[in-house]
Every structure is written in structure tokens, then in C-alpha cells.
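To start, the structure itself, in C-alpha cells.
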């Protein structure tokens, strides 16, 4: 408030307004950094659950099921007035559940089994580049090479793929930045160490690349859904329900041991709950 008239107060008000506009402009970047930090923590927890012997198909099924349980009430509360459901929206939601649920989840967790959480997190940053390539290839977005933004997108895509190749094939020096180890797994269980060689790591990189393609296709599908059904929480809830049905059916075909589907007060339950919280954070960001 600038009710005193000296020039100092005017400069002070101008500085406050500039700081307010700067903080507003920094919010998207800060949210992106926060999402990446939580995502990295998710990958580490997923890896711990895998070390604990949890099947990746079970992780995917429970994550989507918990997401459906939490997003359905939010959709009913905050999106009471929504457009009429059509067969086109249902068909696109079916594809969303397939690509973002069944395919992406299992390929992503499979990559965590075969490689490290660090490598998966790094290559996962290729999703914007893959989405741009797919959007241009299918005519959803123009390349616009003559503009500065078009050139920046192309250069960024090339640099992203080059960085992924460097992370895949280059083995750097290992740093010990933590003086002691923390083991939050059950010490009574005999967990075998995951030994990875070049072949398994390359297979893991292939899995994470395929998961990036699936996630990028899901983003394009979601953009199409938002045009005719602009209700993000209802759309995510529907996708979670469809993805849960697909993952449960596929899961019981592949994994019929009911002990694998049991959740206790351990790292497995923490993994499912933490991943659902991360998904809800993504929706509201």
C-alpha cells in the first residue's frame, strides 16, 4: 500500500510489485523441481519394494486401485457439473488406462528391476522430447522451424536424447556421499542382491524408453480428452478405474500367488501410499 507520497515509498512499492510478479513467474519452475524431487524419492522407494520381493505387476495394480479410491471422491466433490459421458470419451479413457496404466506402469517398474533408480529417473526426463516428436509426427503440433521456439524445441530434443545416450553408455566414478547405510527392509527376510550386467542394463534402458513413449502417448490422449471433457479429476478417476481393471486381470494371469497380493505395515504399503500421494500432487500441479 502506497499512501505516503515520498519517492522512497514509490520505489518500495515498485520493488514489492516486482518481487510479487517474480515469485508468480517462479512458481511453475519451483513446482517442476518439487515434482522431480518427489519423483526421485518414489523411484528409490519402488526399488526398495522390489528388493523386498514385491512383484512389479502387484505394485502397478495397487497404485492404480488406491489412485481410483482417492480420486473418485475428489471428482464427485469438485466436479459435480461435468459434460455428458460419450463413447468417444470412454474410448479415449480406455486408451489412457492402457498406456498410462498397464503398459507404462509395468514397463517402468520393469526398468527399475533391471537398472538403477538414478538411471531411470534421468532417462525419464526424455518424456517432453518424446512427446514433442510424437505430436509433430502425428500432426498434433507444428514444427515451426522458422521461429525461435521451434528451433529451441528441436535443439532441446536432440540434447535430451544425447544426454540419455551418455547416461546409458558412460560409467563414471562412484562417489560415497553418505557416511552410513540405512536399511529399512525387514532384516529377517533373505533378500538377494540384484546383479546387473550390460545386457540387463540395456534391456532396462529399452523398458524405460518404451515407458516414456507410453507416457507421451497418454499425454497426447489426455490433451484430446480435455478438449471434449474438461474435467481433469474425473478423467483421471475414470482412467484409474479402467487401468486398475486391466492391471488386476493381467496381474492374476501372471501372478497367481495370493501372498504377493498381501499388504502389511511394511515397505510395500508405504510404496503404494507414497506413489498415490505423488499422483495426486501431479494432478493438482
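The values are calculated or read from the model by the stated rules, or taken from the named source; none is laboratory data. Everything numeric in this text was worked out from a predicted model, so none of it was measured. Backbone-built Cβ (ideal geometry, glycine too); neighbour counts: all protein chains shown.
Among the numbered conditions (1) surrounded by fewer than 19 Cβ atoms within 10 Å (Cβ to Cβ); (2) within 21 Å of residue 61 (Cα to Cα); (3) at pLDDT 80 or above, the only one that residue 223 does not meet is (2).
Candidates are the residues of the stretch 105-140 that are surrounded by fewer than 17 Cβ atoms within 10 Å (Cβ to Cβ) and farther than 30 Å from residue 63 by Cα; the one that is modelled with the highest pLDDT is 137. Applying the set (1) free of Cβ contacts under 8 Å to residues at least 60 places away in the same chain; (2) more than 16 Å from residue 46 (Cα to Cα) to residue 103 leaves exactly one unmet item: (1). Restricting the first member to the stretch 256-275 and to residues that are in contact (Cβ under 8 Å) with a residue 40 or more places away in the chain, and the second to residues that are assigned to a loop (DSSP other than H, G, I, E, B), the beta-carbon pairs closer than 6 Å and six or more apart or on different chains are 260/55; 267/52; 268/54.
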